[in-house]
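To start, the structure itself, in structure tokens.
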Amino acid sequence: MEKSAETYIIDDKEAGLFRVNRRVFTDPECLEREQRRIFEKCWIYVGHESEVPHAGDYQSRTVAGRPIILVRGDDGVIRVLLNTCTHRGALVCRQKAGNTKSFQCPYHAWTFDSRGRLTGIPGEDSYGGEFSRDERALAAPAQVDSYRGFVFACYDPAAESLYDYLAGAREYLDLVADQSEVGMKVVAGQQSYSARANWKLLVENSYDGYHGLPTHQRYFSFLGDIGIDVRSRNIAAPPHQKPVDLGNGHAVVEYQSAWGRPIAHWVPPFGEHRKAHFEAIRRRFEDRFGKERAWRICETSRNLGIFPNLVINDIMAITIRTFYPVAPDYMEVNAWALAPADEGAEDSALRLDNFLTFLGPGGFATPDDVEMLESCQVGFRNREVEWSDISRGMKREYPTITDELQMRAFWRRWNQLMTEPQIRRARKAA
């Protein structure tokens, strides 16, 4: 029987009090419950269609604890295949990326094509007449779908559609995808690192505006040194400086940032010679979307969290980040840069420099954040302090990006999935 989960959170809207029981960051039984109720039930990000542009292109990676293959078949269809031979279980793809017409299991040489069909069996005449190649094709998650190039999988056949699941997050994915007339692409290369901390701490951190100035002092000093005055912009005032609950556990903080973005937001450190270039890009956005939406795409930044573990930071560059729990106090993180597919070399170099300077594993922000998350995890050893507080701004009519509305959106959905009776889910599915 599962442990009672009645004390995961305290959510007292009238009193403006929101607390999270620190057991959720340390308890192995809680992690097991998360795997069953969250990672096996929700839509999970797999990759971007630009990572497999040609027939036979593939990426193999671990998604929600399962080895999978993201592959574009010879029919042009992008599929997600479970990376396990249907004969005896070995991985059929042991390379991280490449192009192939087939996947061959190294154990007994069963061979599968790029659509996952079983096409070759040594000594096939040894099997009886009831043996079926179709039944032995590579398996796939129960559901696979994409939105604006972002590919997701869900292991629950009864789950709602991806379109409905994304809810209000679709608007912000559109703001990302609309930054190119020809489509977006994941830049070659991947950042992979780990942290000795619970994965949900990185959820909180990824759109936590409250920690920015205290934690990242080195970065803001650097901005001052290159001529950007953070104090010259009020990053905590509505209407475009706001946290938003997007439904289904998704949330975003949107704000006008003081730093430049290599899209259509020129600032002096980018060089006077680039000003006309950025202004021309801006005019193209205005022609496509009108001035108001063009301003929003070009001038506002956003930290978007898609429940449970996908973060898209559209700030000084666009970063896609996923993270998975390995243990209650250990997670693995992967990150990619996203850019317009037709971006020129100089803009691309500027984007990647921004990406690495702030969000890279050795940049200004990431080491600071990892150190703080690991410090929290060590602090949780003091079990006498039972609750973490996430009440900031709860009674405010117009919350700011330094408040914690976005975290409460995550935790309410997390708590719902972790505590609702499973029989109710079964009836809903029926």
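Residues checked against (1) buried (at least 16 other Cβ atoms within 10 Å of the Cβ); (2) not assigned by TED's automatic domain parsing to the domain that holds Arg61:
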position: Gln104; (1), (2): yes, no
position: Gly116; (1), (2): yes, no
position: Gly123; (1), (2): no, no
position: Phe150; (1), (2): yes, yes
| query | Does Glu332 qualify as being out of contact with any Leu (no Cβ under 8 Å at 6 or more places or on another chain), of a type in the set (D, E, K, R) and modelled with pLDDT under 95? | reply | no
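Looking only at region 210-225, decide whether some residue is more than 29 Å from Val24 (Cβ to Cβ), in the same structural domain as Ala337 (by TED's automatic domain parsing) and aliphatic (A, V, I, L, M). Even if it seems obvious, please write down each step before you answer.
First, pick out the residues of region 210-225 that are more than 29 Å from Val24 (Cβ to Cβ): 217-225.
Add one more test, that the residue is in the same structural domain as Ala337 (by TED's automatic domain parsing), and what stays is 217-225.
Then keep just the ones that are aliphatic (A, V, I, L, M); that gives 223.
Looking through region 210-225, at least one residue is more than 29 Å from Val24 (Cβ to Cβ), in the same structural domain as Ala337 (by TED's automatic domain parsing) and aliphatic (A, V, I, L, M).
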| request: Just give me the residues in region 164-173 being farther than 16 Å from Asn303 by Cβ and assigned to a helix (DSSP H, G or I), in sequence order. | output: Asp164, Tyr165, Leu166, Arg170
| note | A careful count of residues in region 27-67 that are in contact with a helix residue (DSSP H, G or I) (Cβ under 9 Å, 6 or more places away or on another chain) and of a type in the set (S, T, N, Q) gives 1
| query | Under 8 Å by Cβ, and 6 or more places apart or on different chains, what pairs join a residue from region 391-419 that is within 18 Å of Asn205 (Cβ to Cβ) with one that is among the hydroxyl-bearing types (Ser, Thr, Tyr) and in a helix (DSSP H, G or I)? | reply | Arg392/Tyr210; Thr402/Tyr210; Asp403/Tyr210; Glu404/Tyr210
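Among the listed residues Ala140, Ala177, Ala158, Ala167, identify the single one that is surrounded by fewer than 19 Cβ atoms within 10 Å (Cβ to Cβ), in contact (Cβ under 8 Å) with a residue 40 or more places away in the chain, closer than 23 Å to Val77 by Cβ and of a type outside the set (Lys, Arg).
Values: Ala177 fails: in contact (Cβ under 8 Å) with a residue 40 or more places away in the chain; Ala158 fails: closer than 23 Å to Val77 by Cβ; Ala167 fails: closer than 23 Å to Val77 by Cβ.
After applying the criteria, what remains is Ala140.
If a residue has to be part of a strand (DSSP E or B) and within 30 Å of the chain's Cα centre (by Cα) to count, how many in region 113-143 make the cut? Let's see the steps before the verdict.
Restricting attention to region 113-143, the residues satisfying the condition of being part of a strand (DSSP E or B) are 113, 118-120, 143.
Filter again for within 30 Å of the chain's Cα centre (by Cα), leaving 113, 143.
Residues in region 113-143 being part of a strand (DSSP E or B) and within 30 Å of the chain's Cα centre (by Cα): 2 in total.
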| request: Filter region 67-93 down to the residues that are touching a residue at least 24 places away in the same chain (Cβ under 8 Å) and among the charged types (D, E, K, R), then identify the one that is nearest to Ile38 (Cα to Cα). | output: Arg79
| task | State the number of residues belonging to region 303-321 that are surrounded by fewer than 21 Cβ atoms within 10 Å (Cβ to Cβ) and over 26 Å from Glu34 (Cβ atoms). | result | 1
| task | Check whether at least one residue in region 14-22 is surrounded by 20 or more Cβ atoms within 10 Å (Cβ to Cβ), part of a strand (DSSP E or B) and at pLDDT 95 or above, and report yes or no. | result | yes
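Given Arg302, Arg284, which one is within 28 Å of Ala188 (Cβ to Cβ), among the basic types (Lys, Arg) and over 20 Å from the mean Cα position of the chain (by Cα)?
Numbers: Arg302 fails: over 20 Å from the mean Cα position of the chain (by Cα).
Testing whether each residue is within 28 Å of Ala188 (Cβ to Cβ), among the basic types (Lys, Arg) and over 20 Å from the mean Cα position of the chain (by Cα) leaves just Arg284.
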| request: Read through the list (1) closer than 29 Å to Pro325 by Cβ; (2) buried (at least 22 other Cβ atoms within 10 Å of the Cβ); (3) over 20 Å from the mean Cα position of the chain (by Cα), then give the number of the only condition that Val71 fails. | output: (3)
| Qualifying residue in region 38-49 (condition: modelled with pLDDT of 95 or more and out of contact with any Phe, Trp or Tyr (no Cβ under 9 Å at 6 or more places or on another chain)) | no
| Looking at region 144-163, which of its residues are in a loop (DSSP other than H, G, I, E, B) and in contact with a Gly (Cβ under 8 Å, 6 or more places away or on another chain)? | Gly149
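Among the residues of region 222-249, which ones are modelled with pLDDT under 75 and outside any loop (DSSP other than H, G, I, E, B)?
Phe222, Leu223, Gly224, Asp225, Val230, Arg231, Ser232
The values are calculated or read from the model by the stated rules, or taken from the named source; none is laboratory data. As the structure is a prediction and not an experimental result, all values here were calculated from the model. All Cβ positions, even for glycine, are placed from backbone atoms using ideal geometry, and neighbour counts span all protein chains on display.
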